[in-house]
1. Within the stretch 80-95, can one find any residue that is surrounded by 24 or more Cβ atoms within 10 Å (Cβ to Cβ), in a helix (DSSP H, G or I) and touching a helix residue (DSSP H, G or I) at 6+ places or on another chain (Cβ under 9 Å)?
2. In the stretch 135-152, what residues are touching a strand residue (DSSP E or B) at 6+ places or on another chain (Cβ under 8 Å) and in a loop (DSSP other than H, G, I, E, B)?
3. Run residue 107 past the list (1) surrounded by fewer than 21 Cβ atoms within 10 Å (Cβ to Cβ); (2) touching a strand residue (DSSP E or B) at 6+ places or on another chain (Cβ under 6 Å); (3) in contact (Cβ under 8 Å) with a residue 60 or more places away in the chain and report the number of the one that doesn't hold.
4. Considering only the stretch 118-155, state which residues are surrounded by 15 or more Cβ atoms within 10 Å (Cβ to Cβ) and either closer than 18 Å to residue 70 by Cα or modelled with pLDDT under 95 (or both).
């Protein structure tokens, strides 16, 4: 990577920086890409569907309402996302299968780990603006994440 989030903040002071509430779970600490957004609550049906489509280097941004009661991403969906070319996930919610996630060539940042899967009810919205950790994120925004935090920009910064 030719960037770090501190360098991006120094060079582009108008970027949005979410509150530092996320932890790393994927095999890649640094990742970036255009945002594809999902809004869901304790139902990862839309996350699973979107992970099965061509990722084209995008980052799936999941607004799970901050729920700490169900995991929105596990090893099977993550492996499918890798197969389909997704760069990573930014999840305002939980993940599970953390040992397996750490072995995948995928960036994953989330609030916490939780062993309980979601109920599949087919609920959620895709490609809508989401807002969490103090910042709005629209479909097509650029997400940059590394060990220092997350940066959100309206356009590619590199």
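The values are calculated or read from the model by the stated rules, or taken from the named source; none is laboratory data. Just so it is clear, the model here is predicted, and its values are computed rather than measured. When we count neighbours, we look across all protein chains shown, and the Cβ atoms used for this are built from the backbone with ideal geometry, even at glycine.
1. yes
2. Once the filter is applied, which keeps residues that are touching a strand residue (DSSP E or B) at 6+ places or on another chain (Cβ under 8 Å) and in a loop (DSSP other than H, G, I, E, B), the stretch 135-152 yields 138, 139, 140, 141, 147.
3. Of (1) surrounded by fewer than 21 Cβ atoms within 10 Å (Cβ to Cβ); (2) touching a strand residue (DSSP E or B) at 6+ places or on another chain (Cβ under 6 Å); (3) in contact (Cβ under 8 Å) with a residue 60 or more places away in the chain, only one is false for residue 107: (1).
4. Once the filter is applied, which keeps residues that are surrounded by 15 or more Cβ atoms within 10 Å (Cβ to Cβ) and either closer than 18 Å to residue 70 by Cα or modelled with pLDDT under 95 (or both), the stretch 118-155 yields 118, 123, 124, 132.
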